[in-house]
Amino acid sequence: MPGNPIGVTQRGRAFLILDIKKSLDLHRIFLKGENMYAYIIRRLLMVIPVLLGVSIVIFFTLRVIPGDVAQTILGTSATEESLAALRGRFGLDLPVYEQYFMWISGIVIGDFGVSMRTGAEILPEIISRFAITFELTMLAAIISWIVAIPLGIIAGIRRNTKTDFSVRIISLFGVSIPNFALATILILILSLAFNYSPPVGYVGFFADPVTNLKILFLPAFVLGTAMAGAVMRMTRSSILEILRQDFIRTVRAKGVKERIVIFNHAFKNALIPILTIIGMQVGVLLGGTVIIEQIFSLPGLGQMVLTGINQRDFTVVQGAILFIAFVFMLINLLVDLLYSYLDPRIKYK
Amino acid sequence: MTEFIQKLREDKVGLIGLIGVLIVIVLALLAPLIAPYAPDEMHTEQVMHSPSSEFLFGTDEFGRDIFSRIVYGAQVSLQVGLIAVGIGATFGLIFGLLAGFYQGKLDSIIMRIMDIFFAFPDILLALTIIAVLGPSLTNTMVAIGIVFTPVFTRLIRSAVLTVKENEYILNAKAVGVSNIKIILKHITPNVMAPFIVQITLALSGAILTEAALSFLGLGVQPPNPSWGVMLNESRAYMEFAPWMTIFPVAAIIITIFCFNLLGDSLRDLLDPKLRQ
């Protein structure tokens, strides 16, 4: 599949001949998979050079910006002393490579530095904002799964019927509607019909779960739509592919109930490509939060990046983007590892 | 080729996509003939005028004709789409061919760099590049082009790895054909099918990303008639003048939908596995 970051998928699909029920037996995986831990450690270690690469790209890219960063922040009316003080405080008067080593050695010990604008510590800010972004992403993912997987299965089972056609059109629309356009149009419809306006302010889940969910439902719904479209399409095509295979015919010939054929045999086998698309879509969701948080005024990590860019607060931008890239890579790793739960025939080399 | 056109004719969904894409292209090319007004022409007497025979899609807060701006907006979208995808596809093709054909260290270096770019969600990478280059039409195209390069590189590399194992390539090598000639004459034409499909799908992605960046105020800058800019500007007035929101949204959705329909059909037609 073009652009598929998970090379194991195609190989995994080739193995999908037998009933996968046994492969969901976790004991068997860990007993058999003595290489599993080595694989996890190796994959985690592989994250380090890529993250270093990411940090170099972000840091040096932001340093290429024309003009004096101190001047940009303090404005044209700033005195030479205040400019020198700011440069000194953030090490901007040092050679760029020294600035990088200072920054990255701080990151290693969990010190992301302070904001050039506000002087606030960056890491606590990232963590508190990430909680919002994470909740939004997860809620969006859950909404999309609840809608997409059952509809995808139904479309696959009832191929070439009106139901199938409707699901395909809905899913293609889901993929084609940009989230910012859907958000704007939904806010428009709701405001005209119910006098709705996006809530101002944010309440944490643990402070007031009901208000929190009220605030997050619409943004999560909007964000989940595109993912739902993609997951629906993948579920449908995977189910179609599996239903054509010999083992399904055998199971049916044995007189097993259709419901069991679909859920215990076909769906479980179809899960690997569905999981792949879900893993890929979580990255899209994370990116999508930048826009959705902006539209719905949610103080998440995406909004932090955007505000940082608009205010040219580079320490915030580089810290937040590095953190997002780290989370993004961890999710991809997690998806890769989840394959083993679904199909232990996938070898870890 | 004839067989391909015949199949595309039979595929009604793909045909709808193709017609939609052609309409957008015609709108963009003939914008000065189709649009009744210039995109920045202000009718100060008729600010936020609802749709009428004079202003088909109404006017915006400066009294500019929304229909004309949508038509000219097609130019912006297509321009960004074509140039950004052109940048991504060209570099992706070069890197992918080199990595796949030569493998070894060169492959490792190219693919590790691509891994780094893959570690960013698309929009964030584009935002970072825009933060450096500054928001403008040209920089938006460059940023999207850079974001798309790794996708094309991976696609071409994997296609090259398959193609280069064919006997005719081994034969060409055996009779002493130069590597450059093998790459250009024997490998490149054989990786074109997935490349073309990816270009169609990337076009919709580029148009979408441009609209998103412009919507955030970091892409094409006003008063350029980008659909994303129009949508962003409409937000403050959407309750009083909903047509300012509805038509740019419709333009974005229909265009991306048609490109996706066409891309899907091309994939089905060109993928030998699905063809069976």
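Taken residue by residue and averaged, Cβ atoms of other chains lying within 10 Å of the Cβ of B:123-135 number 6. Given their separation in residues at 0.36 nm each and the Cα-Cα distance between them, A:L94 and A:F217 gain 39.6 nm when the chain is fully extended. Which of B:L208, B:L137, B:L106 moves the most in a Gaussian network model of chain B with Cα springs under 10 Å? Highest fluctuation of the listed residues: B:L106.
Per residue, the average separation of C-alpha pairs within less than 8 Å and at least 6 apart gives region A:198-349 a relative contact order of 22 percent. Along its first, second and third principal axes, ordered by size, region B:106-175 spans 52, 23, 16 Å in Cα coordinates.
Counting only protein chains, not ligands or nucleic acids, how are B:R64, B:R112 ordered by accessible area (probe 1.4 Å), most first?
B:R112, B:R64
Ratio of alpha-carbon Rg to the 2.2 N^0.38 Å globular estimate for the protein assembly as shown, to two decimals, please.
1.01
If only the Cβ of Lys and Arg carry +1 and only the Cβ of Asp and Glu carry -1, the dipole of the protein assembly as shown around its Cα centre is close to 3240 debye. Just to confirm a number: summing +1 for Lys and Arg and -1 for Asp and Glu over residues other than A:G319 whose beta-carbon lies under 12 angstrom from that of A:G319, what do you get? Result for the local shell: -3. Positive end of the dipole of the protein assembly as shown (Cβ unit charges, origin at the Cα centre): among A:V175, B:P32, B:S214, the Cα lying farthest that way belongs to A:V175. The residue among A:T307, A:G288, B:F259 whose Cα reaches farthest toward the positive pole of the charge dipole of the protein assembly as shown, with charges on the beta-carbon of Lys, Arg, Asp and Glu, is B:F259. Between the helical axis of B:12-29 and the longest alpha-carbon principal axis of chain B there is an angle of about 60 degrees.
Taking A:A228, A:A141, A:A207 in turn, the Gaussian network model of chain A (Cα-Cα springs below 10 Å) assigns the largest fluctuation to A:A207.
Computed from the C-beta positions of A:K162 and B:Q46 and an R0 of 35 Å, the FRET efficiency is 0.15 to the nearest 0.05. Once Rg and the Kirkwood radius are both taken over the C-alpha atoms of chain A, their ratio Rg/Rh works out to 1.05. If you fit an axis through the alpha-carbon atoms of helix A:209-243 and take the longest principal axis of the Cα set of chain A, what angle between them do you get, 0 to 90°, nearest 10? The helix A:209-243 is inclined about 40 degrees to chain A. Counting only DSSP H runs of at least 4 residues, each contributing -39500 (n - 2.57), and dividing by the residue count of chain A, the helix-based mean residue ellipticity at 222 nm comes to -24000 deg cm²/dmol.
In peptide A:325-336, what is the residue-averaged number of other protein chain Cβ atoms found within 10 Å of each Cβ?
Mean partner-chain Cβ count within 10 Å for A:325-336: 2.
Here the Gaussian network model covers chain B, with springs between Cα atoms less than 10 Å apart; of B:F257, B:F148, B:F95, B:F257 fluctuates the most.
Placing R0 at 30 angstrom, the Cβ-Cβ distance between A:A131 and A:Y39 gives a FRET efficiency of 0.50 after rounding to 0.05.
Only Cα pairs under 8 Å and at least 6 apart count here; give the relative contact order of region B:55-274 as a rounded whole percent.
Relative contact order here is 27 percent.
Using only alpha carbons, region B:69-118 has a radius of gyration to Kirkwood radius ratio (Rg to Rh) of 1.25.
Given a Förster distance of 30 angstrom, what is the FRET efficiency for B:D268 paired with A:L338, based on the Cβ-Cβ distance and rounded to 0.05?
0.55
Think of it as helices only: each DSSP H run of n ≥ 4 in chain B is worth -39500 (n - 2.57), and spread over all residues that comes to -23500 deg cm²/dmol at 222 nm. About its Cα centre, the dipole of chain B is roughly 1380 debye, where the only charges are +1 on Lys and Arg Cβ and -1 on Asp and Glu Cβ. Rounded to the nearest angstrom and listed largest first, the equivalent-ellipsoid semi-axes of region B:151-255 from its Cα gyration tensor are 48, 12, 9. Across peptide A:54-60, the average count of Cβ atoms from other chains found within 10 Å of a residue's Cβ is 3. A 1.4 Å probe, protein heavy atoms only, puts the accessible area of B:S136 near 40 Å². Compared with the dominant principal axis of the Cα atoms in chain B, helix B:104-118 is inclined by about 20°. Of the two radii for region B:55-274, the radius of gyration is 1.09 times the Kirkwood radius, both from the alpha carbons; that is the Rg over Rh value.
The values are calculated or read from the model by the stated rules, or taken from the named source; none is laboratory data. Keep in mind that what you see is a predicted model, and the values were worked out from it rather than measured. Virtual Cβ from ideal backbone geometry, glycine too; neighbours counted across all protein chains shown. We work out accessible area using only protein heavy atoms, side chains counted, and drop any ligands, DNA or RNA first. Shrake-Rupley method; radii C 1.70, N 1.55, O 1.52, S 1.80 Å.
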